[in-house]
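Undergrad: Sharing a structure here in structure tokens format.
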């Protein structure tokens, strides 16, 4: 694993953050699966950034044909690459603009999960004792809630907004990352370089955030990548069940719209297949990336 | 025995925690504190009965214990819109959900285990390179979307399966068991089961594959090979038996987990199960029914987690020996 000669004493001096970041950035270049995952992410981010240029039509605008009639259920054509909905809305425009809400939901949930999971895992693992016991019991509790039913009940009562969906997803997903990070911290805190830092009089918080946290970063990243996919699937499911944000055009909204407007019986595959394929691509990208990081940084898990 | 008790307590406490969270969730809702059990849809007598049964005029902490006491006795209150006990409604639809879940899981696990073992065998071939990402894609797809695509292809387009529900209208049965055993019921069940099985097979498949790959390198497999046993015998008798252990545990966990996920499948196929009931109850604000359905799902989840713990102990003696001391 070591790319350069390590000093004789296993005491790592300096800040481990930069070398860890460098290795994280280099990983996708070595693993073809992870590279594909990264490529998919980059592609969707570009689509989200340039949505207005890629699809200049408002996704909710009701369109008319040149003859002045409502352009309802138009099959795919040059004007409408994926056809139109039963209310005459451009499906391609909805798909492109849906990327924005998918990434917004996915990234915000991932950031919360990564931060909460990392901080809880670090504190519980390093300090142990009461803090550990209390935090891990809370994690057990969150893990014993049925996932989708909880999200539905919460958004059903708190109101159907994207932020409530993100909140519910984050509430249920942080324990997974916290548990794994905790167990990693348990082994890291016994390492010689941490001992050395302790001997030189570094404070607990300094050791935790300067010496241990950077080594945990790849793990936080693994769980963030998984959380992006989970959050997007959950948002789609909740929207499909009718508890979604009625203000935003998301892939889940499109699927719900297609389902309730009988697109299935009309065989309008161009309406409901593309949003599903987009969801699969984003989620699979997360799988690929997290798998790559696990293999590089946690070789014990290799092959799983 | 001590360990069994410990796992039981652990899961029971988790369930208690869920109930507590639910209790406070339903009391922090907008509306009066009575809103969790009383609604103008119920008549005056029913309202009075609910007030007394759940002690809604008492302090919050007393209400909490009355609520727990009621739950233990199976008293979930009255549904606002169906105006009858929530428990009866739940028990009516529970078999539908269990049948859907178990049938799908059994198909998914039989297929997943066989295909997983086979893919481990084919390690390094082009089949593996195509199959593994394909399986990952089924795990990444939203369950309800798989259902929508199958519904469009096999029901609306090919006309092989009905598009929803559990029975054709106009058919009468003398009892529930006769209905469930009927051809019509199985015909309605097929497509939801296929969808759920397609979604679920990825986990046992990938699990079995990686376990097989690991086990194939263990000493006892090398030993068997040295004894000159055939490759097939080694795979079935030595490797597969050991690789199966985690898969069995995953099955039990899967029952609990997929009960929660069934919410969407049941909605796509209008399958009259507990998940669809929850969705309907939440959308019309039928709080007692929503609480009941949620608790029923949580109960199955906790029960199955406990069963998984037990299976794990029975099947892998290292676990209990390691911790007994």
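Just so you know, all these numbers are worked out from the coordinates, no wet-lab data involved. Here the structure is a predicted model, which means the values were calculated and not measured. Backbone-built Cβ (ideal geometry, glycine too); neighbour counts: all protein chains shown.
Undergrad: Let me know the Kirkwood hydrodynamic radius for chain A, please, with Cα pairs as the basis and the value in Å to one decimal.
TA: Every distinct Cα pair counted, the radius reaches 21.5 Å.
Undergrad: Given points 7 Å out from each Cα along the Cα-Cβ axis, report the residue B:127 to residue A:87 separation in nanometres with one decimal.
TA: It works out to 4.9 nm between the two label points.
Undergrad: Would you mind checking the tilt of helix B:287-315 against the longest principal axis of the Cα atoms of chain B, expressed as 0 to 90 degrees and rounded to 10?
TA: 30
Undergrad: What full-extension length gain, to one decimal in nm, is calculated for residue A:137 and residue A:50 as 0.36 nm per residue of separation minus the Cα-Cα distance?
TA: Using 0.36 nm per residue and subtracting the Cα-Cα distance, I get 26.9 nm.
Undergrad: Suppose a student asked you for the relative contact order of chain A, using Cα pairs under 8 Å spaced at least 6 residues apart; what percent would you report?
TA: 25
Undergrad: Between 0 and 90 degrees, rounded to the nearest ten: what's the tilt of helix B:274-283 against the longest Cα principal axis of chain B?
TA: Compared with the principal axis, the helix lies near 40 degrees.
Undergrad: Quote to one decimal, in nm, the extra length available between residue B:137 and residue B:88 on full extension: 0.36 nm per residue of separation minus the C-alpha distance between them.
TA: Stretched fully, the residue B:137-residue B:88 segment lengthens by 13.7 nm.
Undergrad: Using just the alpha carbons, could you tell me how many Å³ per residue the convex hull of region A:53-164 encloses?
TA: Convex hull of Cα atoms, per residue: 144 Å³.
Undergrad: Between region B:187-236 and region B:71-128, what is the C-alpha centre distance in whole Å?
TA: 22
Undergrad: Please list the equivalent ellipsoid semi-axes of the protein assembly as shown, computed as the square roots of five times the alpha-carbon gyration tensor eigenvalues, in descending order and whole angstrom.
TA: Semi-axes from the Cα gyration tensor: 40, 33, 29 Å.
Undergrad: Another question, if that's okay. Kirkwood Rh, Cα Rg: Rg to Rh for region A:96-227?
TA: Over the Cα atoms of region A:96-227, Rg/Rh equals 1.07.
Undergrad: Assuming a ≥ b ≥ c are the square roots of the Cα gyration tensor eigenvalues, decide whether chain B counts as rounded (a/c under 1.5), prolate (otherwise, with a/b larger than b/c) or oblate.
TA: Note, shape of chain B comes out oblate.
Undergrad: Further, regarding this structure: Just from the alpha-carbon atoms, what are the Rg and Dmax of region A:149-248 in angstroms?
TA: Spelled out, the Cα radius of gyration and Dmax of region A:149-248 are 18.9, 58 Å.
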